[in-house]
1. Apply the Karplus curve 6.51 cos²θ - 1.76 cosθ + 1.60, θ = phi - 60°, to the phi angles in the stretch 43-50 and return the couplings in whole Hz, x for Gly and Pro.
2. Determine, from the Cβ-Cβ distance of Gln168 and Val61 and an R0 of 35 Å, the FRET efficiency 1/(1 + (r/R0)^6), rounded to the nearest 0.05.
3. Using +1 on the beta carbon of Lys and Arg, -1 on that of Asp and Glu, and nothing else charged, what's the dipole of the chain about the Cα centre, debye to 20?
4. Which of Ala183, Ala131, Ala192 ends up with the largest GNM mean-square fluctuation for the chain, with Cα atoms connected below 10 Å?
5. From the residues Thr186, Thr143, Asn45, which one has its Cα farthest along the dipole of the chain in the positive direction, the dipole being from +1 and -1 charges on Cβ of Lys/Arg and Asp/Glu about the Cα centre?
6. Quick one: Karplus J couplings for the stretch 103-115, per residue in order, coefficients 6.51, -1.76, 1.60, θ = phi - 60°, nearest Hz, x for Gly and Pro?
7. Each residue of the stretch 184-200 in turn: what ³J(HN,Hα) in whole Hz from Karplus with 6.51, -1.76, 1.60 and θ = phi - 60°, glycine and Pro shown as x?
8. Note down, for the stretch 52-119, the three equivalent ellipsoid semi-axes (square root of 5 times each alpha carbon gyration tensor eigenvalue), biggest first, whole angstrom.
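Nothing in this text is a laboratory measurement; each read-out follows from the coordinates by a stated rule. All values reported here derive from a predicted model rather than from experimental measurement. Note: ideal-geometry Cβ built from the backbone for every residue, glycine included; neighbour counts use all protein chains shown.
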Amino acid sequence: MKSLLSFALCIVVVATTARGAEEPLKGDAAKLQGKWSAKVGPEKNVTITLIFKGNAVTLAVTSPDGQEFESKGEFKLDENAKPYKAVDWIKFAAPNGDPVEDNKGIYELDGDTLKTCSGGPGNERPTEFKAGEGGPPHLITLTREPEKKAAASDDKKDELKGDLAKFQGKWTTMVGPDKDIPAVVTIKDRSASFKITAKNGQEYEFKGEIKIDEKAKPRKTVDWIKFTRPNGEDAPDNLGIYEFEGDSLKICSGGPGNERPTEFKAGESGPPNLHVWTRVKE
C-alpha cells in the first residue's frame, strides 16, 4: 500500500497488515503541537518555552542573564479527568542526567492560551489553579507562538514554472493491497499534504514538501521530503520517478529510506510502489 507518499502508507495504512500503526494524535494532544512560551519569576523576566512534537516535549528556560537550560521528556493528558483536565510531565531528566520524578498537574486549553498548574516533581496533583507561596504548586499561563512562515521568494513565479506548476492542485488514487483505500495528495507551491481514508473511515493526514528534477536522466525525479510520522518523528525521504500523461501522473517510489527506482515497475508485495494519480478538477 504505497504511493506518491509511500512512507505514509508504510507507516499508517499498513495498519491493515501485521505491523500495525501508530495512532495519530487527537483531541488536546493534537492542539498542543507547536511552540508555547511565557514569562515567569517574581519580576516576569525568566522566559520558558515548551515545544510539543508528537508525545515528546522540550522545556527551555532562559534566565535574565542569558543562561539557557533545556530538558526533554514526554507529556500525558487525561481530558476526561474531573474537575480539571490532567497533565503529567514524565520521563524528564535533571541537568546532570538523573531522572526526575513525574510532575503532576492540571490544565486548561483555550485557543492559543494554555494554563497549567503543576505540583512539582514527586508531589501531589493540584486541585485548583492557584500558585504556592514561594514554591509549588506552579501556575503558568503560556501563549502559542505563531509558526514562522518562509519569506516569499522574489522569483516565486519562476519556481512554479515547468513541471512544478503542473504538480499544483489535488490528485487522487486508490491504494492498498486491494486498491480499495482512497488517497489524495494536494500540492501547493512546494508543500505537499497527503490524506488517506482507512476502511474504518478514519482519516490520516501528513504534511511535508516536494522536490522535483525534470532534467534528471533517464527519468524525471520526485522526492517527498520533510514529512513526519504520526508520533511527530521525522520520516525518511521517499525518492521516486514520475511522468505526466495528460491529467494523469504516474509515480514510482522506492519507499522511505530506500533507493530511487530506475523504471516504472512495482515490486512484488513491497516497494518499489507504482501508482497512477488522476487530477481532481475543481
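1. Taking θ as phi minus 60°, the curve returns 9, 6, 10, 10, 9, 10, 9, 10 Hz for the stretch 43-50.
2. Calculated transfer efficiency: 0.20.
3. For the chain, the charge dipole is close to 840 debye.
4. Greatest mean-square fluctuation among the candidates belongs to Ala131.
5. Value: Thr186.
6. Taking θ as phi minus 60°, the curve returns 10, 8, x, 10, 8, 9, 10, 10, x, 9, 10, 10, 9 Hz for the stretch 103-115.
7. 9, 10, 10, 10, 9, 6, 9, 8, 10, 10, 10, 10, 10, 10, 5, 4, 8
8. 23, 15, 11
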